[in-house]
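The values are calculated or read from the model by the stated rules, or taken from the named source; none is laboratory data. Computed from a predicted model, the values in this text were never measured in an experiment. Backbone-built Cβ (ideal geometry, glycine too); neighbour counts: all protein chains shown.
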Amino acid sequence: MELDDRKWTILKAIIQTYLETGEPVGSRTISKMPELNLSSATIRNEMSDLEEMGLIIQPHTSSGRIPSDKGYRLYVDRLMEEKDAEVSQMKQVMISRQDKMELLLKQIVRYLAVNTNYATMITSPQYHRTKLKFMQLSIVDEEQILATVVAEGNVVKNRIIHLEHGLNRDQVLQLNILLNSRLNGLTIEQINLSTISRLKQEAGIQSELISQVLDAVADAISQEEDVEVYTSGATNIFKYPELSSDTDKASGLIHAFEEKHPLLSLMDNESGEHAIKVSIGSELQNENMRDCSVVTASYDLGDGMYGRIGIVGPKRMDYDKVVGILKDLTGQLDEVYRSGDPDKYNE
């Protein structure tokens, strides 16, 4: 059904107000909404048209209007279309961001290696996904349903759920409304046993499906990202006799520098945002790096994105220079990323 923008805005306002209050909605209530900027008379005329179209009804004489089943259907169908488009757009934005970010991080790690003469590393940003933003269930076939979960940081996760009993469109619609109205904006800690029990009770015979959907929600909110690590300047290690004179020692050091998980362990930094952490020799708890020092810092790009930077050198490294470069870099990285100017750190 096609509605002009004004009728759609008024219908949406009626439905949203009714969902909040449970009371019939009058033209005077709608006219007070600043985003509409319409007179009560204009709203009454539009409401009359919406009533003729069967989208709203007047339950009692002289009372306001409430949505009809037809009105609910139009509202939810459009809502799902908008959310589908929003999810698609978010995916494209994230792909674009990741491409730009990968280029920028590779340039930064090369810049650090050239300007310090040490081995350098940087992680891709991870996303704080503490809250659920939106979710949608979609029928795949009679035996499967797709759960799409969008968490804070615009992270999208999909999960196929197998059904013992098929669902029709109306049942999926009701579950989507139930899940979004009860879970949106909650953290994983807030989705507690009481919340789950209430959801299952409201879902009735679909309570088992709710359990599987909640598993998908937990996965989207709390699953750790597959973090990429970019490195540069590994051969700089051979510039320092204490690290290169012993062939076996040098080989072990290079090997350690090529392994992802040890590198992530080296860059653990719990000292706080942008704090500089210096680990020396035995403090690294890595036999291959007992003659090294590692200086790390955290960078924060905003919008829930953070990552880590590390510089590896001999214990006699120029700490003053390294700390100064990292402080300057972490202070500028957010600005560089937002400006879209990755060439700033070209060699």
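At-a-glance table
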| read-out | value |
| --- | --- |
| Residue count, segment 45-77 (criterion: of a type in the set (Lys, Arg), more than 12 Å from residue 14 (Cα to Cα) and touching a helix residue (DSSP H, G or I) at 6+ places or on another chain (Cβ under 9 Å)) | 1 |
| Residue selected from segment 1-49 under the condition at pLDDT 90 or above and among the acidic types (Asp, Glu), by the criterion surrounded by the most Cβ atoms within 10 Å (Cβ to Cβ) | 46 |
| Hits in segment 195-212 (condition: among the aliphatic types (A, V, I, L, M) and closer than 16 Å to residue 138 by Cα) | 209, 210 |
| Positions within segment 53-62 being at pLDDT 90 or above, surrounded by fewer than 16 Cβ atoms within 10 Å (Cβ to Cβ) and part of a loop (DSSP other than H, G, I, E, B), in sequence order | 54 |
| Filtered residue count, segment 27-52, keeping only those that are in a helix (DSSP H, G or I) and of a type in the set (Lys, Arg) | 2 |
| Residues (hydrophobic (A, V, I, L, M, F, W, C) and either within 18 Å of residue 281 (Cβ to Cβ) or not assigned by TED's automatic domain parsing to the domain that holds residue 118 (or both)) located in segment 255-267 | 256, 257, 263, 266, 267 |
| Failed item in (1) under 14 Å from residue 2 (Cα atoms); (2) in the same structural domain as residue 12 (by TED's automatic domain parsing), with residue 36 passing the rest | (1) |
| Helices (runs of 4 or more DSSP H) within segment 196-290 that include 2 or more residues among the acidic types (Asp, Glu) and modelled with pLDDT under 80 | 207-222 |
| Which listed residue, of 73, 97, 78, 65, is at pLDDT below 85, surrounded by 15 or more Cβ atoms within 10 Å (Cβ to Cβ), out of contact with any Leu (no Cβ under 6 Å at 6 or more places or on another chain) and farther than 30 Å from residue 232 by Cβ | 78 |
| Residue check for residue 111: surrounded by 16 or more Cβ atoms within 10 Å (Cβ to Cβ), at pLDDT 65 or above and of a type in the set (Phe, Trp, Tyr) | yes |
